[in-house]
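Taking it in order: structure first as structure tokens, then the write-up.
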Amino acid sequence: MEADAGRILMVGLAGPDLSSGEKKSLEDLLPGGVILFRRNLDSRERLANLMNELDRVLPEAPWVAVDQEGGRVSRLEPWIGPTPSAWERAAAGPHEAYRFGRETGRELAALGFNLDFAPVVDLCPPDKPNGIGDRSWGTDPEQVAGLTGRFLDGLHSAGVAGCLKHFPGLGDTAVDSHLELPVCRRDGELLQRVDMLPYRELGATSPAVMVCHAAFPGLDPVNDRPASLSPPIVSGLLREQIGYHGMVCADDMEMGAVAPLDVDGSAAVAAIRAGVDLLPYCADLDLAVAARDALVREADRDPEFASRLALAAASVRSTAEQWPRH
């Protein structure tokens, strides 16, 4: 069970070099991947050295991920310069969306990444104070699906997997889930018909979908339960109703919207039980270890959970094998 519990974790690192302590933690955890941030990207040479170190430590077919959306979420900005936001780029149309995806993918593949946590498909005005804003490609679901579908095509043409986010949709929330739990009061039928349309149209072509840490009373009767921990939302809506069969990941488990619930890895257990496959812990390796231990304990206690954990680990492994790093 330890191997499965490690495989469903994605972890972050402190800086541009792998410390001895981090190396020991990675050797112990054997996570399914790592996610890098601007703090890890000092120079191309140091990044190449870090990638080589990770190749020696991580299991076969690891994910090496990054959030490279463009605009204000651009980890590569020190190297490639400022880029327009998704909201600005949407005005240029589908051809530009494809070109941007292709160029993003080529740059990421050359650096050793195989997963980009993009595009954002939340339907959101650019001035909404909820952490999305101009990261959105628009408010019309058909237009957003069309543009982000072309971005995905371009990204995938370069051999880098994309990820639709943030299911079921953060556009109609008022606070940033990095800080606290948003609650979306939108009617459940409207959410399914409008906000989830990009997932219905693009799910068959997207290797991954990210589930958000926000509560949706119209979709889940349990008060203030984040979507990432919700069986009705992950298994019921995304898996069964929409029919999504790819890898499902949670947003960062250290975000303010979910971290208070993750006592001794309890939120990690709830997320896997809900139908999530991959759990990112983007900064604190000790929290990832606690999550791994909680998952193992629950698997030892509950054979049904052990089966769900094995399925999640298989999804992480098999999806990564389809997107080998260059």
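A dipole drawn for segment 218-290 from +1 and -1 charges on Cβ atoms has a positive end, and of 256, 245, 280 the residue lying farthest that way is 245. The modelled label-to-label distance between residue 204 and residue 19, using points 7 Å beyond Cα along the C-beta direction, is 4.8 nm. Relative contact order of the chain: 19 percent, from C-alpha pairs under 8 Å at least 6 residues apart in sequence. Among 98, 199, a tally of other beta-carbon atoms within 10 Å of each Cβ gives an order, fewest to most, of 98, 199. Dipole check for segment 2-321: with +1 at the C-beta of Lys and Arg, -1 at the C-beta of Asp and Glu, and the Cα centre as origin, the magnitude is about 500 Debye. Which entry is the computed semi-axes √(5λ) of the Cα gyration tensor in Å for this structure: (1) 60, 21, 20; (2) 33, 24, 18; (3) 27, 25, 17? From the options (1) 60, 21, 20; (2) 33, 24, 18; (3) 27, 25, 17, the structure gives (3). Farthest toward the positive end of the dipole of the chain, out of 265, 101, 1, is the Cα of 101, where the dipole comes from beta carbon charges about the Cα centre.
A Förster radius of 56 Å combined with the Cβ-Cβ distance from residue 127 to residue 241 puts the calculated FRET efficiency at roughly 0.95.
Computed from the coordinates by the stated procedures, all read-outs in this text should not be read as laboratory data. Here the structure is a predicted model, which is why all the values come from computation and not from measurement. Glycine also receives a Cβ, built like all others from the backbone with ideal geometry; neighbour counts cover every protein chain displayed.
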